[in-house]
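Each remark here refers to the structure printed beneath this line.
The values are calculated or read from the model by the stated rules, or taken from the named source; none is laboratory data. Predicted model only: the values in this text are computed from it and were never measured. Positions of Cβ are backbone-derived with ideal geometry, glycine not excepted, and every protein chain shown enters the neighbour counts.
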Amino acid sequence: MVILFWKVRRLFMHEMSIAQNLIEIIKDEMIRHDAKALKSALLHVGQLTAIVPESLSFCFEVMTSGTEMEGAELIIEIIPLKAMCRECEKTFEVQDYAFECPYCGSSDIETVAGQDLSIVEMEVN
Amino acid sequence: MKISVIKNILEANDRIAQENRTIFDEKGLMVINLMSSPGAGKTCLLEKTVDALKDDLRIGVIEGDVQSSQDAERIAKSGIPVVQINTGGACHLDGNMIRDTFQEFNFDALDLLVVENVGNLVCPAEFKVGEDFKAMILSVTEGDDKPAKYPLMFHESKVLLINKIDLLPYVDCSIEKIREEALKINPHMIMFEISCKTGEGLEAWYAWLKQETKSRRSA
């Protein structure tokens, strides 16, 4: 039996890992565009994710303190859950997480939006 | 200055998970990401499953916990290869942690690798590790309101094992409601009603798992 230890830089919420990934992406983009400071970043967070926006903002704030990203605002836009029916090919908003087509009753449906977790735009100086 | 980015924030993990997946595919190894809240019976189900199937399938296990090696010690008793990951605080396993265990396994000598994720109904659903599919356990003592409260986990899991059904007479939990709510979120979910304590319902799970692993091996 083997035990592997992974150590911190992570807190007890997974928003910490997500903030860490976000910071890496922003850092790369800032270097690429020779930016000195981050003013804001726009995120799309799908309704069907397990992200608490307040926790993500909190983690981001803590982890960027003292960096070129300090004080930047995270603008989090929640993307509603949408699906397409493979039977009747209509697109609809999924209500109460019920994955059933409201038009023809089929459950052969495909999620088309609402599982996003992406950075869309950032404003820098 | 505004910069348009449009990047999946978890792409780094998704990429590593995909690399893991490629390695598993090359070895024809079936990999299950097993998730549930703490105490739902993940390790117990694994002990029973390994005992029942170890003559038919060569099974390996990765145990994920915040701390301690108790789960790996339990699994190691059955004599199969097991690696314990202590996340040191993180509430989920990710692709990188799984990749770090590869050197400890001989994948050529395995048919099935089960990754027992950290006990949590929220976070693990968000992070791929390179699995064929996710399976989850819900025990009846947790209540029948859980699918509605944790839709992502139920949406992402191919299999739901409803555990501790021997305790149904003592708890206010309706199996029908669990089934109904889970199928609303995930109409194709495969469900097993089991008791790891009495063994009820486990034969159906063993037979299904054996069949799935064998068809994966021959694919």
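Looking only at the range B:94-122, filter to residues that are closer than 22 Å to residue B:57 by Cβ and facing chain A (nearest Cβ under 9 Å); which one of those is surrounded by the fewest Cβ atoms within 10 Å (Cβ to Cβ)? Even if it seems obvious, please write down each step before you answer.
Here is the first cut: in the range B:94-122, the ones closer than 22 Å to residue B:57 by Cβ are B:98, B:101-102, B:104-117.
If we keep only those that are facing chain A (nearest Cβ under 9 Å) too, we end up with B:101, B:104.
Values: B:101: 22, B:104: 14.
The qualifying residue surrounded by the fewest Cβ atoms within 10 Å (Cβ to Cβ) is B:104.
Please verify whether residue A:17 is among the polar types (S, T, N, Q) and more than 9 Å from chain B (Cβ to nearest Cβ), treating the condition exactly as stated. Talk me through it step by step, then tell me what you get.
Details: among the polar types (S, T, N, Q): yes; more than 9 Å from chain B (Cβ to nearest Cβ): no.
Criteria not met by residue A:17.
Restricting to the range A:41-65, and then to whatever is within 16 Å of residue B:10 (Cα to Cα) and surrounded by fewer than 17 Cβ atoms within 10 Å (Cβ to Cβ), can you tell me which residue is nearest to the other protein chains (Cβ to nearest Cβ)?
A:52
Taking the residues in the range A:76-91 that are under 20 Å from the mean Cα position of the chain (by Cα) and surrounded by 14 or more Cβ atoms within 10 Å (Cβ to Cβ) as candidates, determine which candidate is farthest from residue A:119 (Cα to Cα). Even if it seems obvious, please write down each step before you answer.
Quick first cut of the range A:76-91, residues under 20 Å from the mean Cα position of the chain (by Cα) only: A:76-83.
Filter once more, keeping what is surrounded by 14 or more Cβ atoms within 10 Å (Cβ to Cβ): A:76, A:78-79, A:81-83.
Details: A:76: 9, A:78: 12, A:79: 13, A:81: 18, A:82: 19, A:83: 22 Å.
Selected residue: A:83.
Tally up the residues in the range A:59-105 that are assigned to a strand (DSSP E or B) and either among the hydrophobic types (A, V, I, L, M, F, W, C) or over 30 Å from residue A:37 (Cβ atoms) (or both), please. Show your work before the answer.
Kept after step one, since they are assigned to a strand (DSSP E or B), are these residues of the range A:59-105: A:73-79, A:82-85, A:91-93.
Checking which are either among the hydrophobic types (A, V, I, L, M, F, W, C) or over 30 Å from residue A:37 (Cβ atoms) (or both) leaves us with A:74-76, A:78-79, A:82-85, A:91-93.
Matching residues across the range A:59-105 total 12.
If I filter the range B:38-55 for residues that are of a type outside the set (Gly, Ala, Ser), within 13 Å of chain A (Cβ to nearest Cβ) and either free of Cβ contacts under 8 Å to residues at least 24 places away in the same chain or not in a loop (DSSP other than H, G, I, E, B) (or both), do I get at least one hit?
no
Go through B:64, B:39 for me and flag whichever is surrounded by 18 or more Cβ atoms within 10 Å (Cβ to Cβ), modelled with pLDDT of 95 or more and not charged (D, E, K, R).
On the way: B:39 fails: surrounded by 18 or more Cβ atoms within 10 Å (Cβ to Cβ).
Result: B:64 is the single residue among B:64, B:39 that is surrounded by 18 or more Cβ atoms within 10 Å (Cβ to Cβ), modelled with pLDDT of 95 or more and not charged (D, E, K, R).
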